[in-house]
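The block underneath contains the structure these notes are about, expressed in structure tokens.
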Amino acid sequence: MTTYPTSSVLDRRSTKVMITAVFTALALATNYALIGIPNVKIMDTLVFIAALFFGLRLGIGVAASVWLVYGFVNPNGVDTFLMLSFLMVGECFYALAGVALKKSFVTRGLVKGSKEYQRLSIIFGLVGLLSTFAYDALTNFGSWIFRTGSLYQDFVFGNIIGVPFSIAHEASNVIFFATIAPAIIVAAARLGLRTPLDVA
């Protein structure tokens, strides 16, 4: 008798498209809801969670999909193609952070219901800070590229002028990463939802 391995429903292309669409819709909805608060967005946390739960490819899919919509349909102005490319690449940093954390001992502790929630929240917050710092450094550079005589000056000026926005972005992401991300993982574990995290 021949037995065939059963594939998870999460491996289906249609399921991945649906998950990408759901995360993209959530990110866009929260972006427009917070449009009046510059650089305070739950979107980055959602990209991080998508990659943490479902892998790098899906996380990058969410990051790109959000900016393809938000970059062109934005009350604050439409981004140029060059700036949009910087924003998309920068957003992928959160997906990379999610996958990196997924492979660490930290998420295993969360899935198993570890009581060291406070320590794990600090780690998530730190990951949010570092990935947001990298995002801001890249996108601030992108906003000034080709405006001065050298790329080095573009990087320096862009990041100096972008300091107030970067501080708001990094501070809010530390809070979101430290609270929303671990809470969702713990909630998924308590509800008995099986995800790729369970076998990470």
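The values are calculated or read from the model by the stated rules, or taken from the named source; none is laboratory data. Fair warning: this is a prediction, and the values are worked out from it, not measured in the lab. All Cβ positions, even for glycine, are placed from backbone atoms using ideal geometry, and neighbour counts span all protein chains on display. Quick note on the areas: whole protein, heavy atoms, side chains included, nothing else; ligands and nucleic acids left out. Shrake-Rupley method; radii C 1.70, N 1.55, O 1.52, S 1.80 Å.
A straight chain from residue 68 to residue 148 at 0.36 nm per residue would run longer than the Cα-Cα distance by 26.0 nm.
Per-residue accessible area (protein heavy atoms, 1.4 Å probe) orders 12, 119 as 12, 119, starting from the largest. If you take all other residues with their beta carbon under 15 Å from the beta carbon of residue 89, and give Lys and Arg +1 and Asp and Glu -1, the sum is -4.
So if R0 is 22 Å, what FRET efficiency would residue 191 and residue 22 give, r being the distance between their Cβ atoms, rounded to the nearest 0.05? After rounding to 0.05, the efficiency reads 0.85. Here r is the Cβ-Cβ distance between residue 57 and residue 32 and R0 is 35 Å; the resulting FRET efficiency, rounded to 0.05, is 0.85. Each Lys or Arg adds one and each Asp or Glu subtracts one; over the other residues with Cβ under 14 Å from the Cβ of residue 141, this totals -1.
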